[in-house]
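The block underneath contains the structure these notes are about, expressed in structure tokens.
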Amino acid sequence: MSDPKPVVGVIMGSQSDWPVMKLACEMLEQLGVAHEARIVSAHRTPDRLTDYAKTAKSRGLKVIIAGAGGAAHLPGMTAAMTPLPVLGVPVQSRALNGQDSLLSIVQMPKGVPVGTLAIGEAGAVNAGIMAASIIALNDPSVADKLDAFRFSQTSSVAEVPEG
């Protein structure tokens, strides 16, 4: 049996972004969302970016998660070339600890939105959950897994402190 057709694309600017962006993929797997992961650099592979963004909808994708560090143009450039929702994950950079990435992603011009999440691992995990939430609007199986995830998360919090 073949893998289901991906409905979420997870893209990143370089191989070094994978340890963070892998967390988005792991969350999508946990929630039963078919996805693909690709390295698509806005600066080093602009033709690959253009092709990816412009064909995403016709290939069946419904949401794109784009992670980038440094100048972090990938999420915004992707959003400029596709009608799909783009969720931006600022990847922590060495120079400014990810604040440069965050500002590059969140400060989009009017009319080209990017849903921007937290810097680093929390942002990647939350991007996976948010993408699954979007998919769950039309996929009861994903909705059920998302409900179970949220119930499990709530159940894991003690009501009374120990000790």
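The values are calculated or read from the model by the stated rules, or taken from the named source; none is laboratory data. What you see is a predicted model, and the numbers here were worked out from it, not measured in a lab. Positions of Cβ are backbone-derived with ideal geometry, glycine not excepted, and every protein chain shown enters the neighbour counts. The area values use the complete protein model at the heavy-atom level, side chains included, leaving out ligands, DNA and RNA. Shrake-Rupley method; radii C 1.70, N 1.55, O 1.52, S 1.80 Å.
The order of the peptides 40-48, 68-76 by mean Cβ neighbours within 10 Å, most packed first, is 68-76, 40-48. A 1.4 Å probe run over the protein chains yields, for the chain, 56 Å² of accessible area per residue, whole-number rounding. With K and R counted +1 and D and E -1, the other residues having a Cβ less than 15 Å from that of ALA79 yield a net charge of +4. As an equivalent ellipsoid, region 1-74 spans semi-axes of 21, 16, 9 angstrom, where each value is the square root of five times an eigenvalue of the C-alpha gyration tensor, largest first.
Our analysis of region 21-158 gives Rg over Rh at 0.98, with the two radii drawn from alpha carbon positions and Rh computed by the Kirkwood formula. With 0.36 nm allotted per residue and the present C-alpha distance subtracted, the ALA148-THR55 stretch has 30.2 nm of extension available. Rolling a 1.4 Å probe over the protein heavy atoms of the chain, with every protein chain left in place, gives an accessible area that is 55 percent carbon and sulfur. Computed 3J(HN,Hα) for region 42-56, one whole-Hz value per residue from the Karplus formula 6.51 cos²θ - 1.76 cosθ + 1.60 where θ = phi - 60°, is 5, 9, 8, 9, x, 5, 5, 4, 4, 4, 4, 5, 6, 9, 4, glycine and proline marked x. Listed by chain and number, the lysines placed with their C-alpha closer than 23 angstrom to that of LYS54 are LYS5, LYS62, LYS110; residues fewer than eight positions away on the same chain are left out. The label point for VAL106 and the one for ALA80, both projected 7 Å from the Cα toward the Cβ, are 2.1 nm apart. You can think of it this way: the chain between ARG48 and SER155 has 34.2 nm of extra reach, that is 0.36 nm per residue less the Cα-Cα gap.
A cut-off under 14 angstrom between Cβ atoms defines the neighbours of TRP18, and their net charge, with Lys, Arg +1 and Asp, Glu -1, is -2.
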